[in-house]
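Heads up: the structure comes next, in structure tokens.
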Amino acid sequence: MPNRRPFDHIGNFNFKVEIEGVTQGAFRNVEGLDSETEVVEYQDGDDIILRKRPGRTKYSNITFKRGYINTDELWVWRKACIDGKVERKSGSVILCADDGSEVMRYNFFEAWPCKWKGFTLDGKGTDVNVEEIELAVEKVERG
């Protein structure tokens, strides 16, 4: 990695997205790579301390945003869910070094599109049209 020291931070702008069966996976923003474990509180008899133990773990939905390109891959996947034909897919969000090589990745599993958002149109606007897709995921692992 030229010009990078081992302790230099990696920028949040250098990433790739891979989704099983999706060939146009260039996104400008990814949000929701997190998990949370429920806290189960209990108390035994005359114990004066409230005890806490881990419960179930849940993973947030992951939202992907990208400038609109003329392909309907994501919409077709979403439309199948609307029609009751849920197709679950796996994928990865890959953090890249300056030279494009992989630094690390988050793999997600059993994903399906639970929300799609089209663009905001403005006759006086100058922004790029952005589409957004939100995936419900069952598990995320750091690879």
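For the subset of segment 75-129 comprising residues that are assigned to a strand (DSSP E or B) and among the aliphatic types (A, V, I, L, M), which member is most open to solvent (accessible area, probe 1.4 Å)? The extreme case among them is V103.
When restricted to residues that are small (G, A, S) and over 15 Å from F64 (Cβ atoms), segment 84-143 contains 7.
Scanning segment 74-113 for residues that are of a type in the set (A, V, I, L, M) and closer than 23 Å to V130 by Cα yields L74, V76, A80, I82, V93, I94, L95, A111. A count restricted to segment 88-141 and to residues that are farther than 13 Å from V30 by Cβ, within 12 Å of the chain's Cα centre (by Cα) and basic (K, R) stands at 1. The one condition from (1) surrounded by fewer than 11 Cβ atoms within 10 Å (Cβ to Cβ); (2) of a type outside the set (F, W, Y); (3) modelled with pLDDT of 95 or more; (4) outside any strand (DSSP E or B) that P54 does not meet is (4). Of the residues making up segment 61-74, not one is open to solvent by less than 10 Å² (accessible area, probe 1.4 Å), over 11 Å from Q24 (Cβ atoms) and among the basic types (K, R).
Close Cβ contacts (under 6 Å, 6 or more residues apart or on different chains) running from residues in segment 21-43 that are more than 16 Å from G67 (Cβ to Cβ) to residues that are of a type in the set (G, A, S) comprise G32/S60; D34/S60; E38/G55; V40/G55. Listed by position, the strands (runs of 3 or more DSSP E) contained in segment 1-45 that have at least 2 residues being open to solvent by 90 Å² or more (accessible area, probe 1.4 Å) and more than 19 Å from E141 (Cα to Cα) are 35-42.
Scanning segment 71-92 for residues that are β-branched (V, I, T) and closer than 16 Å to T23 by Cβ yields T71, V76. Examine segment 55-70 for a residue that is closer than 22 Å to E20 by Cα, aliphatic (A, V, I, L, M) and in contact (Cβ under 8 Å) with a residue 12 or more places away in the chain, and state whether such a residue exists. Yes: segment 55-70 contains one or more residues that are closer than 22 Å to E20 by Cα, aliphatic (A, V, I, L, M) and in contact (Cβ under 8 Å) with a residue 12 or more places away in the chain.
The values are calculated or read from the model by the stated rules, or taken from the named source; none is laboratory data. Note that this is a predicted model, so its numbers are computed, not measured. Ideal geometry is used to build each Cβ from the backbone, glycine not excepted, and the neighbour counts take in all protein chains shown. Please note that ligands, DNA and RNA were not included when accessible areas were found on the heavy atoms of the full protein model with its side chains. Shrake-Rupley method; radii C 1.70, N 1.55, O 1.52, S 1.80 Å.
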